[in-house]
Amino acid sequence: MNATDLINPKEKKSRSVQCKEAMAGYLFIFPTMLGFLIFILGPMLAAIILSCFSWDLLSPQESHFIGLTNFSRFFSDPRAAAVYLNTFFFVICEVGLFISIGLLVAMALNRTFHPIIQYSIKISYFFPYVTSTAVAAVIWSFLFGTDLGAVNYYLGLLGVNKIPWLTSTDWAKVSVIIVDVWKNIGFYSLMFLAGLQNIPAQLYEAANIDGVNGWQRFSKITLPLLSPTVFFLMIIGFINSFQIFDTPYMLTRGGPGDATRSVVMYIYEHGFSFYDMGFASAVGLTLFVIIIILTIIQFHFSKNWVHYR
Amino acid sequence: MKKYQLFLIGILILTLILAVGIPQTGAAKKERLEFVFWLTSPEALPGWQKTFSDFAKENPNIELVYTPVEADTWGVYVDKVATLIAGGKAPDVMWVATEGVRLLAERKLARPIDDLVKRDSKELKEYFDDVAPSLIDSFKVKGKLYQLPYSWNNMVIYYNPKLLEKAGLQPPKADWTKDDFLNYAKALTVVKDGKTIQYGFATEVGYFTSSIPWMFANNTNLLKDDWTASNLDDPKVVEAVQFVQDLIYKYKVCPAPAAGFNIFNAFMSGNVAMFGAGRWPLMTFLPEKFKDFNIQVWPKWKTQVTEFGVDGFPILSSSKNVSASWKLVKYMTSKSVLDRLVGSEDAPLGNIPARRSLATGTEMAKIPPANFQAFYGSLSNAKSVPAPAQFNKVESIWLRYYGLILANEMSAAEGCAKAHQEINKILGK
Amino acid sequence: MSQLQGRRLNPANIISIALIGLGMVVMFAPFVWMFSTSFSTVREAYSLPPRWIPSAFRLDSYQRVIKFIPLYLYMWNSLKITGLITIGQLIFCSAAAYGFARLRFPGRDWWFALLLSSMMIPTQVTIVPIFILMNRLHLYNTHASLILPGLISAFGVFFLRQYFLTIPEELEESARIDGAGPLRIFTRIFIPLSGPSLSALAIITFLYFWNELFRPLIFLSDYNLKTVPLAMVMLQGQYGAGNTAVIMAGASMAVLPVLLVFIVAQRYIVEGIVLTGLKG
């Protein structure tokens, strides 16, 4: 994204103009950065410092420095690997589904239909995004009921056996992904739709004249021009999915066992159920570092496939 | 628009926001008392508010500031209170159940009230006579009393008399056994076209609500009776857990529990014939005008011991206002206040008042279930739910393994063995 | 819009229509169930085959919600908080986005990266330090404790910066030649061109904060200050004893204002994002 630092090379600014611009720059970002320093950076640093302390939420006066003990405790906890694997699984599946389904829906929407149809499609795909996760969880808990749920009922009519959506360690993971994707797909579809509509029609017309077939149109025109959108949504998708909490918490409470427990759920459990805030902060820090590293890696590789115009 | 104008507007907006947001700090002439409690349902609030206003009338010098916390579990409620405490805003008095008593006592967050009780023993004698000793004893930690019982709950079996009648069964008697129970459950399970449309029993992945009652009935406990170590290596415990797992997978009289499966709703729609709970299902049934239910004490296995949990109001050690706090605590034991716990058919409540006279009295009799005596009556042979100071961790570990067992992904023996190790580690054994 | 294949009924069209149709069912069905349940008795709600249309439209559940929860007050609270945050974000995020996109100052990219990193640390980790901070500022149990931190949005800055980067240099150049300073350029050129993007951000922000549960749960105490999501938790009750029909009635009522906002403003979303370009 920094590749477009567009400075007119022909015009060299004088020192005083540069100074003025710098001042203006600082002024513009001032309110946001001030708020950031107070409300975000401060607590972030506090959390980083806390990770080296033993800090009991109920008896804060007894906190003491313990160095890296929280981290070693975490790395030696067998549950640590499980929650991270769950989270990775969620992230990869969800981002994959968001990008692929979002793009498919957007492409389908990109063909004109009658405005009313267009409108109702848009609404229906965005509707889930509009509700709260708690309500979504109540609804889907009913739908996913093994014996008394609607989904298994209809599957039964098709001759499919009852699926233990929420009571089996494997299927529970799938259920979480289904509900989370259901809830958020509207956002990704709309983003892609906009990206598609941004591609000038002339390109397609020219391609048509040249006799290019459907697949080539897609791979040579649509995809490359859509790559910035894909990249943006991948970054956002990764950052958000890594911190998944609401959906598994509401739907399965992390169960059965630890099957659907994400890293943030683990953090919440230790911080707020066990009152071990120091440990929770340490785990939060590991997540933070992993997200940063993965984001940087994605930015690095983006040069190979993302085309800015 | 000039630069400074933009800034002025920005500052104006900020000021507006702050002005709107910052609360009025009125002159504090009265003693200020801060009280935090779990709002178990919206219907419960008017009762609380009446209690508070009556208290204010009797104590005009005390300004009672109350904070209702909405949560679906005790744990979430405590999250909120813990944050308050961590942030330096600990209340004076809060509502705490058995699960949290030792937590507070061991961290010295709550203040023992033996001295205050002794001082006011004459005034409180009538109350102590009206409350079962087992309820009071469960609030004693290392011999010191921390709370006065306010309300409590035990576990009984709910059944649908209409479904029993359809299956040709008599309502269960108080001394029914576990085998009787199993026979009832089998008879009440209806399978049509290969699908189970009615289950004899339903349960959930719960500590208080699912695992402990069966362990008590089998004359054992999840932890040793002094709550200092895990008891999961006792074969009787494994037997009890195995029984629940068998109900689901061997006898197929119980659906596999799922986090969102609403047992009460399934009971109302006739898909479930029996389930275990305390008094809280009333809050679901009565507003729906659903009255096809009655209760019976938990079936007898090797013994017949009821599980209970009780709650009250500790005074926090950080409180700067012990005398006002104590006044509130005493007030909460009065008959008029506890009477409200009985609730009504229009605004049902889900706890049982601590006073025997009220829990077995005429007001109670006006509301279903018909066999309400089973609530208080069971206290003659009852044990408190095991709740050491590390309750949250113990419960969390147990639920993880219990969940896997009830999902049939782990055997009862293996689950108990693994949980046994982890719990002992937590308890320092 | 590329409409070359627009109206011809070829296999690609049929498949896409079928897919969308199926998708719509999946998207919509849960809501139909939600509305239907809110009007029916609980017993009907759990019957199989699922009842998509209630046998009778009972308003009992809705009445119960209104009777026991000051839903209108909570909606007003939510509206106030969410509205102020949305307006605030539009102002502050656009200003910051402009600064990061078009103005040069030392350390600019480092500041931007730092701001972005705030998206990567989970709220659960920072909530207690924030809570302690709020307490120190005497803002605990006020709406300001929710509004003030809400005014800062790394996502908002990121999103708007994307758009600002695509506004042609020439526009700025000519304005600069005319002697306009950064502020003039910002207010006279960038903002007017960003109507759609700002609408898009406004909607996304509004939705996010309307449904927010965690911070209001921690920062608010007074019964009268609570917001709509907290009311939902109240309805769920102890051990989930809450009546499903009542919960669904509450949920239906809670979703209506948001739906309204969406319907009114939705056309801006697509337009807005289109012009944002997301070309980096």
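The values are calculated or read from the model by the stated rules, or taken from the named source; none is laboratory data. Predicted model only: the values in this text are computed from it and were never measured. Cβ: placed from backbone, ideal geometry, glycine included. Neighbour counts: every protein chain shown.
Would you check if B:Val205 is closer than 21 Å to B:Ser411 by Cα, hydrophobic (A, V, I, L, M, F, W, C), in contact (Cβ under 8 Å) with a residue 12 or more places away in the chain and more than 14 Å from chain A (Cβ to nearest Cβ)?
Numbers: closer than 21 Å to B:Ser411 by Cα: yes; hydrophobic (A, V, I, L, M, F, W, C): yes; in contact (Cβ under 8 Å) with a residue 12 or more places away in the chain: yes; more than 14 Å from chain A (Cβ to nearest Cβ): no.
No; evaluated as a whole, the condition is false for this residue.
Rundown of residues vs (1) touching a Leu at 6+ places or on another chain (Cβ under 7 Å); (2) in contact (Cβ under 8 Å) with a residue 24 or more places away in the chain; (3) acidic (Asp, Glu); (4) farther than 21 Å from B:Ala71 by Cβ, yes/no style:
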| site | (1), (2), (3), (4) |
| --- | --- |
| A:Tyr204 | yes, no, no, yes |
| A:Ala207 | no, no, no, yes |
| A:Pro224 | no, yes, no, yes |
| A:Gly255 | no, yes, no, no |
| A:Tyr268 | no, no, no, no |
| A:Phe272 | no, yes, no, no |
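I need the full set of residues from the range C:160-188 which are part of a helix (DSSP H, G or I), surrounded by fewer than 18 Cβ atoms within 10 Å (Cβ to Cβ) and not small (Gly, Ala, Ser), in order please. Walk me through how you get there before you give the answer.
Taking the range C:160-188 and keeping what is part of a helix (DSSP H, G or I), we get C:160-164, C:169-177, C:182-188.
Narrowing further to those that are surrounded by fewer than 18 Cβ atoms within 10 Å (Cβ to Cβ): C:169-171, C:173-177, C:184, C:187-188.
Within the range C:160-188, C:Glu169, C:Glu170, C:Leu171, C:Glu173, C:Arg176, C:Ile177, C:Arg184, C:Thr187, C:Arg188 meet the criteria.
Which of the residues that make up the range B:240-260 are surrounded by fewer than 18 Cβ atoms within 10 Å (Cβ to Cβ), touching a residue at least 12 places away in the same chain (Cβ under 8 Å) and assigned to a helix (DSSP H, G or I)?
B:Tyr249 - this is the single residue of the range B:240-260 that is surrounded by fewer than 18 Cβ atoms within 10 Å (Cβ to Cβ), touching a residue at least 12 places away in the same chain (Cβ under 8 Å) and assigned to a helix (DSSP H, G or I).
Spot the failing condition for A:Lys183; the list is (1) within 13 Å of chain B (Cβ to nearest Cβ); (2) of a type outside the set (Asp, Glu); (3) out of contact with any Leu (no Cβ under 8 Å at 6 or more places or on another chain), and only one is missed.
Unmet for A:Lys183, out of (1) within 13 Å of chain B (Cβ to nearest Cβ); (2) of a type outside the set (Asp, Glu); (3) out of contact with any Leu (no Cβ under 8 Å at 6 or more places or on another chain): (1).
Among the strands (runs of 3 or more DSSP E) contained in the range B:114-201, which hold 2 or more residues that are over 30 Å from B:Leu316 (Cα atoms)? Quick ask: steps written out before the conclusion?
Numbers: elements: B:149-154, B:156-159, B:190-192, B:195-198.
Of the strands (runs of 3 or more DSSP E) lying wholly inside the range B:114-201, those with at least 2 residues that are over 30 Å from B:Leu316 (Cα atoms) span B:156-159, B:190-192, B:195-198.
For every residue, the table says whether it meets (1) in contact with a helix residue (DSSP H, G or I) (Cβ under 9 Å, 6 or more places away or on another chain); (2) in a helix (DSSP H, G or I); (3) more than 7 Å from every other protein chain (Cβ to nearest Cβ).
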{"position": "C:Thr86", "(1), (2), (3)": "yes, yes, yes"}
{"position": "C:Phe92", "(1), (2), (3)": "yes, yes, no"}
{"position": "C:Ala95", "(1), (2), (3)": "yes, yes, no"}
{"position": "C:Tyr98", "(1), (2), (3)": "yes, yes, no"}
{"position": "C:Trp110", "(1), (2), (3)": "no, yes, yes"}
{"position": "C:Ala113", "(1), (2), (3)": "no, yes, yes"}
{"position": "C:Ser118", "(1), (2), (3)": "yes, yes, no"}
{"position": "C:Thr126", "(1), (2), (3)": "yes, yes, no"}
{"position": "C:Leu133", "(1), (2), (3)": "yes, yes, no"}
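So is B:Lys366 free of Cβ contacts under 8 Å to residues at least 60 places away in the same chain and under 21 Å from B:Glu43 (Cα atoms) or not? Give the steps one after another, and end with the answer.
On the way: free of Cβ contacts under 8 Å to residues at least 60 places away in the same chain: yes; under 21 Å from B:Glu43 (Cα atoms): yes.
In short, yes.
Give the residues of the range A:138-171 that are hydroxyl-bearing (Ser, Thr, Tyr) and buried (at least 18 other Cβ atoms within 10 Å of the Cβ), sorted by residue number. Steps first, answer last, please.
The first filter runs over the range A:138-171 and keeps only residues hydroxyl-bearing (Ser, Thr, Tyr), leaving A:141, A:146, A:153-154, A:167-169.
Listed by number, the residues that qualify are A:Ser141, A:Thr146, A:Thr167, A:Ser168, A:Thr169.
Taking the options A:Leu190, A:Leu196, A:Leu233, A:Leu203, name whichever one is within 13 Å of chain C (Cβ to nearest Cβ), at pLDDT below 85 and surrounded by 21 or more Cβ atoms within 10 Å (Cβ to Cβ). I'd like the intermediate steps shown before the answer.
Numbers: A:Leu196 fails: surrounded by 21 or more Cβ atoms within 10 Å (Cβ to Cβ); A:Leu233 fails: at pLDDT below 85; A:Leu203 fails: surrounded by 21 or more Cβ atoms within 10 Å (Cβ to Cβ).
Residue meeting the stated conditions: A:Leu190.
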